[in-house]
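Worksheet for the structure shown next.
The values are calculated or read from the model by the stated rules, or taken from the named source; none is laboratory data. For clarity, every value in this text was computed on a predicted model and none was experimentally measured. Don't worry about glycine lacking a Cβ; one is built from the backbone with ideal geometry, like all the others, and counts go over all protein chains shown. Accessible surface is based on the protein model in full, side chains and every heavy atom, while ligands, DNA and RNA are left aside. Shrake-Rupley method; radii C 1.70, N 1.55, O 1.52, S 1.80 Å.
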Amino acid sequence: MPGLDSLESDMKAWRHDLHAHPEFGFGERRTGAFVAQKLREFGLDEVVEGVGGTGVVATLRRGTGNRAIALRADMDALKIAEQGDHAYRSRTPGLMHACGHDGHTSMLLGAARLLADEGGFDGTIRFIFQPAEEWGKGALAMLDDGLMQRFPFDEIYGLHNMPGIPIGHFHTRAGPLMSAEDNFEITLRGVGGHASRPQQGQEVLVAACALVTNLQTIVSRRLSPTDTAVVSVTELITDGTRNALPGLARILGDARSFRPEVSTEIERQMRIIAQGTALTYNCAVETIYTREFVPLINDAEATHAALAAAAGVFGEDATSGNSDLNTASEDFARFLDHVPGCFSFIGNGEASAPLHNPTFDFNDAALMGGMRFHAAIARHRLPVA
C-alpha cells in the first residue's frame with residue numbers, strides 16, 4: 001500500500017500533467033480519460049465516462065451501509081494565455097488552468113486512492129469529476145444525463161482553492177456562500193453618420209455611455225442597502241470608427257446577488273433604466289437578461305459536518321465557519337437543488353495570484369489538506385459502526 005509521501009508526490013505529478021494539458025468546458029476528453037484510467041488503477045468498483053458529455057463518475061463501496069455521499073471536483077480550464085514560467089506551464093495556446101481545477105481534480109483522485117486502499121467507511125462514495133464549471137453548464141449537463149438516477153447519493157461536498165487564505169486553512173459557512181450570476185446584453189439602435197454632422201443622425205454612443213453610468217444606480221439607489229449585489233458592465237461595443245458615429249451599440253455585463261427576489265428586481269430596474277435612457281436619446285433599445293448560475297446555499301447540517309471533519313484535518317484554529325460572502329459563482333449550487341451539501345474553500349496562500357489571472361498557479365502545498373478533507377468527510381458521514 002503506497003504511503004502518504006508517495007501519494008503526495010503522485011498528486012503533484014498528476015496536477016502538473018493536467019496543468020500542462022488544459023481543456024475547455026465539454027472538451028475535457030484527455031482529462032476525463034486520465035481521471036478514468038487512474039480510478040480504474042485504484043480499483044474502484046465502477047468508473048463511468050461520458051456523463052454529461054465529458055464527466056466521470058466513479059463509485060466505491062465498503063461495508064453494508066445503504067447511505068451514499070458524493071465528492072465533487074471540476075476539470076475544465078479557461079480561455080486565458082498563461083504567463084507563468086514553470087516547467088509544466090500550459091502547452092495549449094490560449095488555454096490554462098487559471099482557477100485551480102487541476103488541483104481540485106488531483107486532490108479528489110488522491111482521496112479516491114486513499115479510500116480505496118484504506119476504507120474506513122461504511123456505505124457508498126460517488127466521486128464526481130465535472131466538466132464545464134466555468135461557464136455554468138457542466139453540473140446541469142450531468143444532472144440532465146441522469147446523474148441522480150444513475151448514481152444516487154444523499155449528500156454532496158466540494159472544495160475550491162482560494163488565494164489570500166493561508167495554506168492549511170479551511171473556510172465555509174452555512175446558508176448563502178456564493179452568488180448567483182445573471183448575464184445581460186442591451187442593444188441600442190439609432191442612425192449612424194459622419195462624425196462632423198451628429199445632428200443628421202441618431203448616434204448611440206452618447207446614449208450608451210449614459211446608460212452605463214445609469215446602470216450603476218441599481219445597486220446604490222434602487223436596492224436595499226442590506227442586500228449584497230453587484231452590477232458590472234464588462235463590454236461596450238459599437239459599429240462606429242474614428243470619423244463615423246455609430247448607429248448600433250451593445251452593452252454587456254453581469255449581475256450578482258444572493259436571493260432570487262434581488263435578481264428579479266435588478267432585471268426590472270435594468271429594463272426601466274434602459275427604456276428611459278433610450279427614450280431620452282431618441283433611439284431604440286432591446287434588453288436580454290439571462291440567469292446562468294443560481295446562488296450557492298450550504299445546508300446547515302452538512303456544513304456542521306464539514307467543519308467537524310475539517311477541524312480534524314486542519315485544526316480548530318485554522319477552521320472557520322464564518323467565511324465571507326463571495327460574489328463569484330459556482331455551479332456546484334445546481335447539485336444543492338437536489339440534495340443537501342456543503343461547499344468550502346481551502347487556502348492557496350496569501351501570496352497567490354488571483355483566480356483567473358494569467359500567472360495563477362494552484363499551490364501544491366494545498367494538495368494534502370484537500371485530499372485529507374475529502375477522505376475525512378466521507379468517513380465522518382459514513383461511519384463504521
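Please verify whether GLU267 is within 30 Å of THR213 (Cα to Cα) and among the acidic types (Asp, Glu), treating the condition exactly as stated.
On the way: within 30 Å of THR213 (Cα to Cα): yes; among the acidic types (Asp, Glu): yes.
It is true that GLU267 is within 30 Å of THR213 (Cα to Cα) and among the acidic types (Asp, Glu).
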Residues that are small (Gly, Ala, Ser) and either touching an Asp or Glu at 6+ places or on another chain (Cβ under 7 Å) or modelled with pLDDT under 95 (or both), drawn from the range 354-385: ALA385
Residues (among the aliphatic types (A, V, I, L, M), open to solvent by less than 40 Å² (accessible area, probe 1.4 Å) and not in a loop (DSSP other than H, G, I, E, B)) located in the range 353-385: ALA366, LEU367, MET368, MET371, ALA375, ALA376, ILE377, ALA378
Evaluation of GLU46 against (1) open to solvent by 40 Å² or more (accessible area, probe 1.4 Å); (2) more than 18 Å from GLN130 (Cα to Cα) (one fails), failing number: (2)
So ALA308, is it under 24 Å from ARG62 (Cα atoms) and of a type in the set (A, V, I, L, M): yes
Residue pairs meeting the criteria (Cβ under 9 Å; at least 6 apart or on separate chains; first farther than 26 Å from TYR289 by Cβ and open to solvent by less than 70 Å² (accessible area, probe 1.4 Å), in the range 186-207; second outside any loop (DSSP other than H, G, I, E, B) and among the basic types (Lys, Arg)): none
Enumerated strands (runs of 3 or more DSSP E) restricted to the range 1-117, each holding at least 1 residues that are under 22 Å from ILE167 (Cβ atoms) and in contact with a His (Cβ under 7 Å, 6 or more places away or on another chain): 68-74
The one condition in (1) open to solvent by 20 Å² or more (accessible area, probe 1.4 Å); (2) in contact (Cβ under 8 Å) with a residue 60 or more places away in the chain that ARG271 fails to fulfil: (2)
For ARG221: the one exception among (1) of a type in the set (Lys, Arg); (2) in a loop (DSSP other than H, G, I, E, B); (3) loosely packed, with under 15 Cβ neighbours inside 10 Å: (2)
Selection within the range 277-324 - in a loop (DSSP other than H, G, I, E, B), among the polar types (S, T, N, Q) and within 19 Å of PHE343 (Cβ to Cβ): ASN322, SER323
Which numbered condition GLU350 fails, given (1) outside any loop (DSSP other than H, G, I, E, B); (2) over 30 Å from LEU382 (Cα atoms): (1)
Cβ pairs under 6 Å, 6+ apart, first in the range 169-184 and under 16 Å from ALA229 (Cα atoms), second part of a loop (DSSP other than H, G, I, E, B) and of a type in the set (Phe, Trp, Tyr): PRO176/PHE258; SER179/PHE258
Qualifying position, being out of contact with any Pro (no Cβ under 7 Å at 6 or more places or on another chain) and free of Cβ contacts under 8 Å to residues at least 24 places away in the same chain, among ASP317, ASP331, ASP337: ASP317
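Yes or no, residue by residue, for (1) in contact with a helix residue (DSSP H, G or I) (Cβ under 7 Å, 6 or more places away or on another chain); (2) over 25 Å from GLU82 (Cα atoms):
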position	(1), (2)
SER323	no, yes
ALA333	no, yes
VAL339	no, yes
ASP361	no, no
LEU367	yes, no
ALA378	yes, yes
Selection count, the range 224-249, where residues are crowded, with 16+ Cβ neighbours inside 10 Å and free of Cβ contacts under 8 Å to residues at least 24 places away in the same chain: 1
Selection from the range 72-115 of residues that are more than 17 Å from GLY136 (Cβ to Cβ), among the charged types (D, E, K, R) and at pLDDT 95 or above: GLU82, ARG89, ARG91, ASP102, ARG113
Enumeration of residues in the range 230-267 that are within 24 Å of the chain's Cα centre (by Cα), assigned to a strand (DSSP E or B) and charged (D, E, K, R): GLU235, ASP254, ARG256
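When you scan the range 298-313, do you find a residue that is of a type in the set (Val, Ile, Thr), farther than 14 Å from ILE165 by Cβ and buried (at least 19 other Cβ atoms within 10 Å of the Cβ), even just one?
The initial filter retains those residues of the range 298-313 that are of a type in the set (Val, Ile, Thr), namely 303, 313.
Going one step further and asking which of them are farther than 14 Å from ILE165 by Cβ, we end up with 303, 313.
Subsequent filtering for residues that are buried (at least 19 other Cβ atoms within 10 Å of the Cβ) retains 303, 313.
Yes, the range 298-313 contains at least one residue that is of a type in the set (Val, Ile, Thr), farther than 14 Å from ILE165 by Cβ and buried (at least 19 other Cβ atoms within 10 Å of the Cβ).
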Some residue of the range 314-322 being crowded, with 20+ Cβ neighbours inside 10 Å and closer than 15 Å to PHE170 by Cα: yes
Search result, residues across the range 49-79 that are in contact with a Ser or Thr (Cβ under 9 Å, 6 or more places away or on another chain) and either of a type in the set (Ser, Thr, Tyr) or open to solvent by 20 Å² or more (accessible area, probe 1.4 Å) (or both): THR54, THR59, ARG61, ARG62, GLY65, ASN66, ARG67
